Each structure stands twice: as C-alpha cells, then as structure tokens.
1. So, counting K/R as plus one and D/E as minus one, what does the shell of residues with Cβ under 10 Å around G59 add up to?
2. What ranking do D192, D410 get, fewest neighbouring Cβ atoms within 10 angstrom at the top?
3. I'd like the distance between the alpha-carbon centres of the stretch 398-434 and the stretch 144-158, rounded to an integer number of Å.
4. Could you identify which residue out of R275, R344, R414 has the top mean-square fluctuation in a GNM of the chain using Cα springs shorter than 10 Å?
5. Sort Y175, Y130 so the one with the fewest other Cβ atoms within 10 Å of its own Cβ comes first.
6. Could you work out the local net charge near P352, counting Lys and Arg as +1, Asp and Glu as -1, over the other residues with Cβ closer than 9 Å to its Cβ?
7. Could you sort 255-264, 197-206 so that the peptide with the highest average Cβ count within 10 Å comes first and the rest follow in order?
8. Given only helices, namely DSSP H runs of n ≥ 4 each adding -39500 (n - 2.57), what is the per-residue ellipticity at 222 nm of the chain, to the nearest 500 deg cm²/dmol?
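Derivation of every value follows stated rules applied to the coordinates shown; laboratory data play no part. Since this is a predicted model, take the numbers as computed values, not measurements. Using ideal geometry, Cβ is built from the backbone for each residue, glycine included, and neighbour counts are taken over all protein chains shown.
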Amino acid sequence: MKYFHAIAVCLTWISLISLQAADWPQWRGPHFNGSSEETQLPTEWGKDDGIAWSTDLPGSSAATPIISGDHVLITSTDDTNQSLLAMCLNRSDGSLRWSKTVGIGLQRDNRSNFASPSPVTDGKLAIFFYGNGELVAFDMEGQKKWGFNLEKRWGEFCFQWTFSSSPLLYEGTLYMQVLQRNEPVHGRGFTDQPNESYLVAMDPSTGTVKWKITRPSQAKMESLEAFTTPMPFTYNGRSEILILGGDDVTGHHPETGEELWRWGTWNPTRITHWRLVPSPVAGDGVVLACAPKKDPIYAVRLGGIGKLNDKALAWVSKEDRSLSSDVPTPAFAEGDFFILSDVRGALSRVNPQSGEPKWSIELPGRSKYEASPTVAGGHIYLMNFAADVVVVESATGTIKANIPMGSGSDNMTRSSIAVAHQQLFIRTNKQLHCIGKP
C-alpha cells in the first residue's frame, strides 16, 4: 500500500508541476490570447537582483521569445554583417545552443526590420519566418528540415512598409497569411496581374502545402495591408481560424480554409489608410477587432454564418476613444479582455459582453507602449519603447512595479514578454533577460 501511495503522490506532484510549468510556444502564448496559467511569477526585481541570467544578442528584433522545455527560440538580426538569424538558447543558463544564418539584408524602412515575426514550435520543430519571405524549419538541435521563400514562390509582398506576420501552429497544421495591396506600391508587387491576399496551410514536418486560398477584400490601398497574425478559436464546438485585415474579420475552416463568416461594416467610406496591426483575440463568445488610428474597438459575436451585419456586434467602444489600440493586441484572461491603448498610454480591464471597463489606469513614463500585454499569475506584464517593464495587478489595476530593463540602445523596444516555467523572458534590443529562479 505504501508503494501505491508513493506512486500516487508522485503522479500528483508531476501533474501539479505540469500545470504550473507551461511552455510559451507561440507569439501569444499557449492559448493564443496572451495569457498563461503560470503562477508564482516574479513581480519585483532589478537589473542586479532577481535575474537568472542575461544574454547579449547580436541585433534588434520585435519578435517575442518562444520557450519549449529547456529551449528558448530567438529571431534576431546581426548588425555586424546585416544578416537574419534563427537562434536557440538554453533556458537553464542562457548559453547558445545553436545559431543559423537565414538571410542577408535587414529591412526596407527605418521603422522595423525583417526579424519582427516570432517563431513557433510544437516541441519537435522550430519554425521561423522573416519579413523578406524566408520560412524555415529546424529540429530542436538546429538541423534544417525544410525551407522556402514565400515571395519567390507566390510573388513579392505588396506592402508600403516591411511586412510582418507570425506563423501559427494549430492541430498539426502550419498557417501563414499575407494580406496585401492589390496594386504595386513603391515598386513592389506584380505589375502584370493582381496581387492577391491569401491564407496558406502547410504540413509543418515537410513544408508541403495542404491548401492555399485567396482572401478577397473591398478595402483600398493601404487599408488592404495587415500586419496581423491568424488566431484559432473554438466556440460551441466549431473551430475556426480568425483573420483580421482588409477592413474585415473572417472565420475560416481549419481543414479547408473555407470562409465561414465575415464582418466588416466599420469602414463604409473605404478610408485608404486603415492598415491593421493588432491581431484578433477571442474570448467568452466574442472576437475583438481593433480599428486603427485612434478609432473604436468592435466586439463581434462568434458563431455566425455568411456575411454579417451590425446585429452581430456585442458592443463598440465609445467615441471618446477611451478604449482604442493602434498596435498592441489585447489579451484575454481571467474572463476579461485586457486592452492596452498605445494612443492613450492606458491599460483597461474590460467586460467581454458589455465592453465596460472594470478599471482603467494611465501607464507611467513618456515612452510609448506597443508590445502586446501578457497576463499570468494575477498580473499583467507590459514593456515600453525604453524597455521599462511595468507590472500591474490584474484584479485591481494597481501598478506593482516599474523596472527599467533597457540601455541607451532601447528606443523602440516592442517584443512582448513571455512567461514559462515560473520565469519571465524579456527581450530588449541588445539582450534577453530571464527573470526568476535559475
């Protein structure tokens, strides 16, 4: 009996550890919504206190660190030779496992670089995408499994700015979206045929295309451009891939790409400069679509079929712009949305059914906040351009800490904070910090 009791205790302990020590396998975490069940996370530390390790990085990137077991995946640039890197570090001490050069050339404009998309992993493969079209998969030991360039296969990206969209791994399928202009801009794109926006599904183990669909839109010019990432969600037993861009939010069948529904009444005059950056985020039966340029947030009820009108809206944020997001993607956790307004410098906890804030606070400092919020362990973790990390208590909106993590090179830090194994992973322009117990 003592033997069986010991086994039961051991299994219970292992289960508790598994629940508390989750990976961060995608840009928006294990639930695709910026949240994690991680507990006992650090809420106070300093540059010389509470840091497990810090590792110097060869260049800047807005990509979020991805964690799987003892592997930390990093997309980076290398300023010394103008190259794009796929990197893997040891989570235990920050030492380098491997680094691979994926491409040469860093950017098309001075606002971002090709290393902005975050990698993705299923624990067996590490898949990296870059804004120049390179898509490459490695095993966890750094051996290349496959790779190709989306621009070379399906045409040059037709964007005014540098394209960015993170890959999605969901139920054994790899998804990529390109929502772009239909006509050339700045010499980019086809001149002899339309530039089509598309969603493509691939076998992650081989890169073989399962299907590729065109996503039509009536948007015009820059409003066709989206820097969003596809997000999965299941509601009332129906799973779908949510796509936001081109004046519309759409739901697609994960196995075929078939468009199940579409809503998009928010730009009736077809304003031409409504490029979209925040990705869709769903919770409690609604999906948020954040209009750009200080405009409102729209909550669309899930479960619809076909082309939807405004009867599908659960709520629209007030015209006073108290709730708005031009760049950060909101999080969903603890039954509510957490909306970071980069245009107001404010953070709000919002009821998903009514859109009413439960609390709203102004954020400290003069630097802009564009990194998407992370919610875990009863706290929200935010980082601004200067790499100041702000920790907010999720229940009350109380600011618990404001910790400078940057250096003189941090003037546009935009990587979201990842949480895994009771540690925080904070990426500045030149360093990756692991906060918590070694």
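1. Net local charge, G59 excluded: -1.
2. Exposure proxy ranking, most exposed first: D192, D410.
3. 31 Å
4. Of R275, R344, R414, the most mobile in the Gaussian network model is R344.
5. The fewest-first ordering by Cβ neighbours comes to Y175, Y130.
6. -2
7. Answer by packing, highest mean first, reads 197-206, 255-264.
8. So the helix-based figure for the chain works out to -1500 deg cm²/dmol.
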